[in-house]
Amino acid sequence: MEDRSKRMKKKIMILGASVYQVPLIRAAKAMGLVTLVASIPGDYPGFELADKVYYINTRDKEEILKVCQEEKIDGICTTGTDVAVSTIGYVCEKMGLSGLSEEAAHRATDKAAMKEAFFAEGVSAAKFYKARTFEDVEWAAKELGFPVVVKRVDSSGSRGISIVKEPSGLKEAYSCALERSGKDYVLVEEMLGGTEIGVDGVVQDHKLVFFAPHEKFVYHSQKITIPEGHGFPYRGSEKVQKRLQEEMELAVKALDLDNCSVNADVFVDGEQVWIIEMGGRTGATCIPELISMYYGFDFYKKILQNALGEKLDFSPERQGIHCMAKLLMSPVDGRITGIDYEGIENLRREGIEIALDYPVGHPVEIMQNGTTRIGHVVARAGSVEELDKIVARVYGCIEVNGVSLEELWEK
């Protein structure tokens with residue numbers, strides 16, 4: 001009783017109020033925490049759930065710090081986005097809170113600084129060049145050999161990233177990478193082969209105390225692959241799983257991450273493993289929901305406890321359940337013209353978790369990256385084919401421009 005009374009008085013600052021932060025906000029409320037949320041103004045669902053809202057850009061370190069000091073917060077965190085990680089590191093360092101340092105946050109959010117740290121520590125990663133001009137990009141591509149990947153260094157969710165197969169595509173890729181970037185340089189990397197997977201984890205006291213590799217499902221557009229879902233468990237060999245853990249631990253050390261969640265994009269080819277990039281926060285695309293379903297504990301609660309400086313126990317609470325998730329997205333621009341809510345509820349009664357981000361009448365965009373989602377599906381499924389059948393049934397309940405999404409995707 002005393003412990004609960006103390007916890008109820010604790011304050012947590014959550015940066016961001018989008019659909020990706022909503023489950024974190026709900027978990028904080030369920031834990032009895034005083035829940036503060038900061039984000040730019042907008043149509044964000046997290047605002048109405050918070051105890052207190054601050055309309056501040058999460059990149060504004062000084063203003064966020066000022067509020068956190070005035071509120072005397074006990075912890076600060078986010079999930080599903082890199083945008084706020086640098087601010088979290090700044091606040092944690094200034095206030096002595098549990099979390100990564102400002103410098104570690106910089107390495108985890110600037111892909112060029114990250115790759116330099118990987119190279120210095122011997123992490124298995126793609127060859128790369130940092131490019132400040134288009135001429136630098138041309139030179140780097142020539143040195144690496146086509147195809148190459150041109151990346152914005154300060155983004156997540158596949159934004160500002162292009163796969164370039166020939167010289168004629170470099171200029172557009174360079175412009176795309178610089179667009180909306182806060183940096184005056186881009187990254188040019190060799191294109192790796194193999195199978196792309198994801199690995200999430202948690203770091204405490206500079207050690208990787210939780211390690212969760214998982215399958216990744218991607219949508220292949222003309223210029224880039226877009227993460228659209230994940231699945232547990234990862235079925236790689238014992239030798240590959242060991243290599244994954246070793247490289248993850250090396251990457252954590254290279255970035256000097258501490259008391260935070262981590263999310264990595266990884267390529268596996270045979271027994272070879274490459275860390276593409278690593279963030280100092282939990283991944284998006286339903287990863288926390290899948291971890292919770294597979295291991296039996298509430299992973300959002302673990303994120304919050306880590307931010308509050310509590311020691312964590314990751315012992316599975318049940319035998320692993322095969323589970324998968326995919327984002328709901330539209331293949332066209334338009335507007336939601338109908339939702340069969342009865343059909344959605346029938347699917348939910350079958351144990352399928354369905355989240356719809358928008359009501360009828362809301363505009364939707366053609367899928368471009370993880371932010372153009374219109375919802376998600378999480379289900380117990382043992383294969384992608386089984387999951388896709390479930391997703392198709394959900395798409396059949398949603399109309400865009402007067403046509404069901406199931407029909408639109410079939411076209």
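Kindly list the number of the only condition in (1) in a strand (DSSP E or B); (2) under 30 Å from Lys72 (Cα atoms) that fails for Gly99.
Every listed condition holds for Gly99 apart from (1).
With respect to Gly75, determine if the residue is farther than 25 Å from Glu277 by Cβ, open to solvent by less than 20 Å² (accessible area, probe 1.4 Å) and either at pLDDT below 95 or among the small types (Gly, Ala, Ser) (or both).
Taking the combined requirement at face value, the residue satisfies it.
What's the number of the only condition in (1) closer than 28 Å to Leu100 by Cα; (2) in contact with a helix residue (DSSP H, G or I) (Cβ under 8 Å, 6 or more places away or on another chain) that Arg243 fails to meet?
Status for Arg243: all satisfied but (2).
Of all residues in segment 267-279 being open to solvent by 10 Å² or more (accessible area, probe 1.4 Å) and in contact (Cβ under 8 Å) with a residue 40 or more places away in the chain, which is farthest from Glu103 (Cα to Cα)?
That would be Gly270.
For (1) assigned to a loop (DSSP other than H, G, I, E, B); (2) modelled with pLDDT under 95; (3) of a type outside the set (Lys, Arg); (4) surrounded by 24 or more Cβ atoms within 10 Å (Cβ to Cβ), each residue gets a yes or a no:
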| residue | (1), (2), (3), (4) |
| --- | --- |
| Glu48 | no, no, yes, no |
| Glu63 | no, no, yes, no |
| Lys66 | no, no, no, no |
| Glu70 | no, no, yes, no |
| Gly89 | no, no, yes, yes |
| Cys92 | no, no, yes, yes |
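Listed here are the residues, each with its yes/no results for (1) within 27 Å of Val360 (Cα to Cα); (2) open to solvent by 30 Å² or more (accessible area, probe 1.4 Å).
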position	(1), (2)
Ala284	yes, no
Met293	no, yes
Ser315	no, yes
Arg318	no, yes
Ser330	yes, no
Asp333	yes, yes
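Which of the residues spanning segment 345-370 are crowded, with 18+ Cβ neighbours inside 10 Å and over 21 Å from Val403 (Cα atoms)?
If the condition is that a residue be crowded, with 18+ Cβ neighbours inside 10 Å and over 21 Å from Val403 (Cα atoms), then Ile352, Asn369, Gly370 are the ones that fit.
If you take the residues of segment 335-344 that are of a type in the set (A, V, I, L, M) and over 13 Å from Val403 (Cβ atoms), which of them is most open to solvent (accessible area, probe 1.4 Å)?
Ranking the candidates gives Ile339 first.
Could you list, in sequence order, all residues of segment 363-411 that are under 16 Å from Thr337 (Cβ atoms), part of a loop (DSSP other than H, G, I, E, B) and over 23 Å from the mean Cα position of the chain (by Cα)?
Gly396, Cys397, Asn401, Gly402
Taking Ile275, is it modelled with pLDDT of 95 or more, touching a helix residue (DSSP H, G or I) at 6+ places or on another chain (Cβ under 8 Å) and of a type outside the set (Ser, Thr, Tyr)?
yes
Looking at (1) under 30 Å from Ile76 (Cα atoms); (2) open to solvent by 70 Å² or more (accessible area, probe 1.4 Å); (3) at pLDDT 95 or above; (4) over 21 Å from the mean Cα position of the chain (by Cα), which is the one condition that is false for Asp298?
If we test Asp298 against (1) under 30 Å from Ile76 (Cα atoms); (2) open to solvent by 70 Å² or more (accessible area, probe 1.4 Å); (3) at pLDDT 95 or above; (4) over 21 Å from the mean Cα position of the chain (by Cα), just (4) comes out false.
Output the qualifying pairs, or none if there are none: Cβ atoms under 6 angstrom, residues six or more apart or on different chains, first residue in segment 398-410 and in contact (Cβ under 8 Å) with a residue 24 or more places away in the chain, second residue assigned to a strand (DSSP E or B) and not hydrophobic (A, V, I, L, M, F, W, C).
Within 6 Å, the pairs are Glu399/Thr337; Glu399/Gly338; Val400/Ser330; Val400/Gly334; Asn401/Gly334; Gly402/Thr337.
Keeping to segment 78-87, report how many residues are assigned to a helix (DSSP H, G or I) and open to solvent by 10 Å² or more (accessible area, probe 1.4 Å).
1
Can you name the residue in segment 389-411 that is at pLDDT 95 or above and among the charged types (D, E, K, R) and, of all such residues, is surrounded by the most Cβ atoms within 10 Å (Cβ to Cβ)?
Among those that are at pLDDT 95 or above and among the charged types (D, E, K, R), it is Glu399.
Which pairs do you get when a residue that is touching a residue at least 12 places away in the same chain (Cβ under 8 Å) and assigned to a loop (DSSP other than H, G, I, E, B), found in segment 15-29, comes within reach of a residue that is open to solvent by 10 Å² or more (accessible area, probe 1.4 Å) and of a type in the set (A, V, I, L, M, F, W, C), reach meaning Cβ atoms under 8 angstrom, with the pair 6+ apart or on two chains?
Every condition considered, the pairs that remain are Gly16/Val83; Ala17/Phe47; Ala17/Ala50; Ala17/Val53; Val19/Ala355; Tyr20/Ala284.
Being open to solvent by 10 Å² or more (accessible area, probe 1.4 Å), at pLDDT below 95, closer than 23 Å to Asp60 by Cβ and not in a strand (DSSP E or B) is true for just one of Arg107, Arg159. Which residue is that?
Criteria check complete, one pass: Arg159.
The values are calculated or read from the model by the stated rules, or taken from the named source; none is laboratory data. Computed from a predicted structure; not experimentally measured. All Cβ positions, even for glycine, are placed from backbone atoms using ideal geometry, and neighbour counts span all protein chains on display. The protein model used for the area step is the full one, side chains on, heavy atoms only, and it has no ligands, DNA or RNA in it. Shrake-Rupley method; radii C 1.70, N 1.55, O 1.52, S 1.80 Å.
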